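Working notes, beginning with the structure itself.
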Amino acid sequence: MTEGFEQARAQRNWLERLMDKIPGFKGFQNRELRREVDKLQREHISHRLTEIKGDVREKVGRYTDAGRIGVLQPFDRLEKRLEGLSQAVRFSDYGATGLFDPVKIREEELERLGRFDLSVLDDLQDLTAAVESIPAPGGEDPGPAVERTLSRLGDLETKWAERKTLISNVVKMS
């Protein structure tokens, strides 16, 4: 999140930079900026999951066109779970608190959440590679490759669930 936060900070207009001079406002402004960066990261992760689901749908279309309807059940499970994780990411809690929230999250915890979200992006690359490894119709049985992809997705679902725990732990510490 640090890189995105620093880029967003650098793009502030003259009025926002002037407001930095007001005591107490800078912390508020940085917190709101971090909240916005967190939202953008979650939207990006959710969008990538939707794109991966689109890649799976393309493979389903190829298998359907080839008349290999019997192998589609695991693909259906994969699509549904991708959609579910995409929605969970999109609507998950912010990794920051607002000005009037009763619990304040410190900068170091926000950094930890940001690093966590960036690690999820690496996992998305692995998930994309797993989907790409599913063979085309006419080749080998896609079942094992789809199951490996489902396993990678399961790891990512578990990791995302850990984010909620991480946020809960941060809130308890604050």
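The values are calculated or read from the model by the stated rules, or taken from the named source; none is laboratory data. Fair warning: this is a prediction, and the values are worked out from it, not measured in the lab. Cβ atoms come from the backbone with ideal geometry, glycine included; neighbour counts cover every protein chain shown.
Here are a few things to note about the model shown:
- The set of residues in the range 36-82 being closer than 22 Å to Arg148 by Cβ and hydroxyl-bearing (Ser, Thr, Tyr) consists of Thr50, Tyr63, Thr64.
- Residue in the range 146-160 that is modelled with pLDDT under 95 and either in a loop (DSSP other than H, G, I, E, B) or at positive phi (or both) present: no
- Candidate set: the range 77-129, residues that are within 28 Å of Lys59 (Cα to Cα) and among the polar types (S, T, N, Q); chosen: the one modelled with the lowest pLDDT: Ser119
- Selection count where residues are over 20 Å from the mean Cα position of the chain (by Cα) and exposed (fewer than 12 other Cβ atoms within 10 Å of the Cβ), scope the range 125-173: 7
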